[in-house]
Amino acid sequence: MSQDQVNTAATRGTVRQIPSRTGRRGRLACVANVHHVMLYGLLGAVALAPECSIAWAQSHETKPVFDTVIRRNWGPGVSDDDADAGIAAATPTAGDVGQTGGQTGLSGFHRKSKPAPDSAGSEKTQPVEVRQARVSEMGGKTRFEMALSSGVRAEIFTLANPYRVIVDLPDVLFRLPDGTGQTGAGLISTYRYGLFADRKGRVVLDATGPVKIEAARMTSSGREGAVTLQMELVAISANEFGVGTGATSSAAAPPVARPSVFDDRLQAKSASSKKPLILIDPGHGGIDPGALGVDNILEKKIVMDVAKRVERRLKATGNFRVAMTRTSDVFISLDQRVEMSQEIGADLFISLHADSLASKTYASVVRGATIYTLSERASDEQARLMAEKENASDQVAGLNSGAFSAENEEVRSVLIDLIKRETSNFSTDFSNLLVARLKKSVSLSRDPQRSAAFRVLKQTHAPSVLVELGYLSNQADARLMRQASWQSKVAHSIVSAIDGFFDKRSVRSAR
């Protein structure tokens, strides 16, 4: 094998990276190992593939490719030789190879890397940091690069409707500048990043159309174990893409993170007769940042700040039990939020959000808080658009969610009819109280009470509202939302409305 062939093989991240200097004996040993792996599966891959890597590394001064990216399945554009090498390096689970309807993420080897020892000989336990990320275009290909403090196993796949490329990373911290990912290049329009679940990071790249991951590799950058993940994308047809490579195995939401204070379900049920349970839902989180406002202000941060103030004030009254759907910057799917509310038996569900307008013409004049309740038909066009945007949160995070899709329209109508009979009037009552309290302390929108088919408000067991605190695209609203004094006013108004709501219900039940 010539040196050019060696370099080409190294770039493609295949197992067959064996220069002629290893000798005929070394080449035969590694080829034999490949065939053993194909016969004996994953155990063979773990035991034998490193021998080939070691032989290659010992004969070169350059550092080897990090074996950290896996391949979902093979696409039509991958040669038999590449497929054989990839199978030898990372034997797929059942169903990965030969699936139809999916273009592919390419990979290098699949070897777990150990944390580097520190000076005392103990292993480092700090999470890997993601320090830089950028998208570029060259020669008809789009390249995504990400710099990490050390190597980890990355899982890459694609999803359709809309077209996305997903990169999953275990236990990472994103240390990227504000505004990173808002603009793209080539086949990538934008991208976002954050926690998809506890100890699981995710990057979601929005593609302008169907794409194939032509190459993916993680290489040493030569700085104290730092590495660079590089991924190259090329355009393909919709038929070639199909449903993507992760449609059946990767689009599932992480487990519901039930609040720890309610881990004992019997205690939660017995206590519910004493104090109402309020579930505060800070919208978005983690990989899903929500709306982006002026000066790169993020919706997920603002609503979390307000939610924590509401939680503290509610607990201080001594009249309520309080839970939060999330207490940190982590992604929780829409259905998980509803399931959590049902599981813990919430008596009132309040989802906090903030809006943003793309139009610069209206962004300077549209402002103020709005309270939404559930209805099958939106109260107006703006409410319909708002519901569509909020209902797309799961797709933003790289999930394929069809809970409110056209094929489920009949089920949705029956569900909303049930909700109307059980909780609609109570939701409206609370909305009335909340608007009355909020208008005393903060600005409201021109039409502060609206309704639409918000998925997170599918609460058959409890009244629920969605509060848009204001418009992050408006300079005045964005400035106020950052202020602790404004957040305290909003929290005070929400708690006051909750007090009034349950006082009113107590009077009714006593009659």
Beta carbons within 10 angstrom, averaged per residue: use that to sort the peptides 335-347, 357-369, highest first.
335-347, 357-369
Packing-based ranking, highest mean first, of 376-388, 462-474 given that Cβ atoms within 10 Å are counted
462-474, 376-388
Label-point separation, residue 296 to residue 126 (7 Å along Cα→Cβ), nm:
2.2
Once you sort the root eigenvalues of the Cα gyration tensor of segment 142-254 as a ≥ b ≥ c, which label holds: rounded (a/c under 1.5), prolate (a/b larger than b/c) or oblate (the other case)?
prolate
Taking 30 Å as R0, compute the FRET efficiency from the Cβ-Cβ separation of residue 343 and residue 436 and round it to 0.05.
0.45
Would you mind computing, in nm to one decimal, how far apart the modelled labels at residue 178 and residue 446 are, each placed 7 Å from Cα along Cα→Cβ?
3.0
Given the pairs 300/504; 389/458; 141/389; 315/489, which are separated by over 23 angstrom at their Cα positions?
300/504; 141/389
Keeping all protein chains in the complex and leaving out DNA, RNA and ligands, what accessible area do you get for residue 129 with a 1.4 Å probe, in Å² to the nearest 10?
60
Expressed in nanometres to one decimal, the distance between label points 7 Å along Cα→Cβ at residue 134 and residue 221 is 1.1
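The values are calculated or read from the model by the stated rules, or taken from the named source; none is laboratory data. All figures in this text were calculated on a predicted structure; none of them were measured in a lab. Note: ideal-geometry Cβ built from the backbone for every residue, glycine included; neighbour counts use all protein chains shown. Note: areas computed on protein heavy atoms with side chains; ligands, DNA, RNA excluded. Shrake-Rupley method; radii C 1.70, N 1.55, O 1.52, S 1.80 Å.
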